[in-house]
Amino acid sequence: PAWRTREQRRAPRYSIASALFDRECRGRRMALPRTMLPDFVSSESSTYNFDNEVVGGGMHQAKGAPPFCVEFGRSKLAGKLAAADEEGFVSLIDTTKPKDERESNVHKWMCHRNAIFDQAFSDGDSLLATASGDQTIRVWNMDDREPELTATLRGHKGSVKSVRFRPESQHEIVSGAREGSIVLWDTRIATASPVGSMEVKPLQRRTSAHVRS
């Protein structure tokens, strides 16, 4: 603007994008001006606490759990954020609706009885895969009002740390676990489970992909 001083006009413009470019492409330390930091503060209306109802000794009690991973829907669930936590719950937050005292824009359900380290939507957001410390991956049908378990993937020997769907596929999944293996899965090759969902075994496995850490 014309009202800026000569020194201000000469000073290089610094943005978050340029700071990230300097860090990733030039190896420079990322230092954001203090004037940018207030933009990273969340308002009360967009802040959520993860207090799960845990059953124990015949009583229900609220137990706080830190979120471990978040994933936005990209298609029919665009604007909805899936947040998975240490207790094995996933909270589906509709960020397009205002938050109220009862948090009616949040739908929560238990996916595992262990921490969830990663999650991924399939193309179209019809399915959600969750990777857990119980050494399994679970696939949830997100088309219904209540998410429904459709398949459980077993075969890792350590906590599952990452999971992704193959692009444009609703059946092919890749995962990585703490024991250092990478596993390919195909949910079309499965056996029926007594609880109604499908049990899936590894299609291919790459062991010792990384040193265990």
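Quick one: accessible area per residue over region 56-213, 1.4 Å probe, rounded to a whole number of Å²?
Working: 8810 Å² over 158 residues.
Averaged over the residues of region 56-213, the accessible area is 56 Å².
Which order do the peptides 111-122, 136-147 come out in when sorted by mean C-beta neighbours inside 10 angstrom, highest first?
On the way: 111-122: 20.5, 136-147: 17.6.
The peptides rank, most packed first, as 111-122, 136-147.
Taking the Cβ of residue 175 as the centre, find all other residues whose Cβ is under 9 Å away and add up their charges (Lys, Arg: +1; Asp, Glu: -1).
Residues near residue 175 contribute +1 overall.
First compute the accessible area of region 76-213 with a 1.4 Å probe, then give the percent of it belonging to carbon and sulfur atoms. Intermediate values should be presented prior to the final figure.
Details: 3490 of 7350 Å².
The value for region 76-213 is 47 percent carbon and sulfur by accessible area.
With a sphere of radius 9 Å drawn around the Cβ of residue 151, what net charge do the other residues whose Cβ falls strictly inside it have (Lys, Arg +1; Asp, Glu -1)?
Details: positive: 138; negative: 199.
Residues near residue 151 contribute 0 overall.
How much net charge surrounds residue 185 when only other residues with a Cβ under 9 Å from its Cβ are counted (Lys, Arg +1; Asp, Glu -1)? Mind dumping the intermediate values first?
Numbers: positive: 201; negative: 172, 186.
Within the 9 Å Cβ shell, the charges total -1.
Contour minus end-to-end for residue 209 and residue 154, with contour as 0.36 nm per residue of separation and end-to-end as the Cα-Cα distance?
Working: separation 55, 0.36 × 55 = 19.80 nm, distance 1.84 nm.
Extra length available between residue 209 and residue 154 comes to 18.0 nm.
The values are calculated or read from the model by the stated rules, or taken from the named source; none is laboratory data. As the structure is a computational prediction, the values presented were derived from the model and not from experiment. All Cβ positions, even for glycine, are placed from backbone atoms using ideal geometry, and neighbour counts span all protein chains on display. When the accessible area is computed, the model is the full protein with side chains, heavy atoms only, and any ligands, DNA or RNA have been set aside. Shrake-Rupley method; radii C 1.70, N 1.55, O 1.52, S 1.80 Å.
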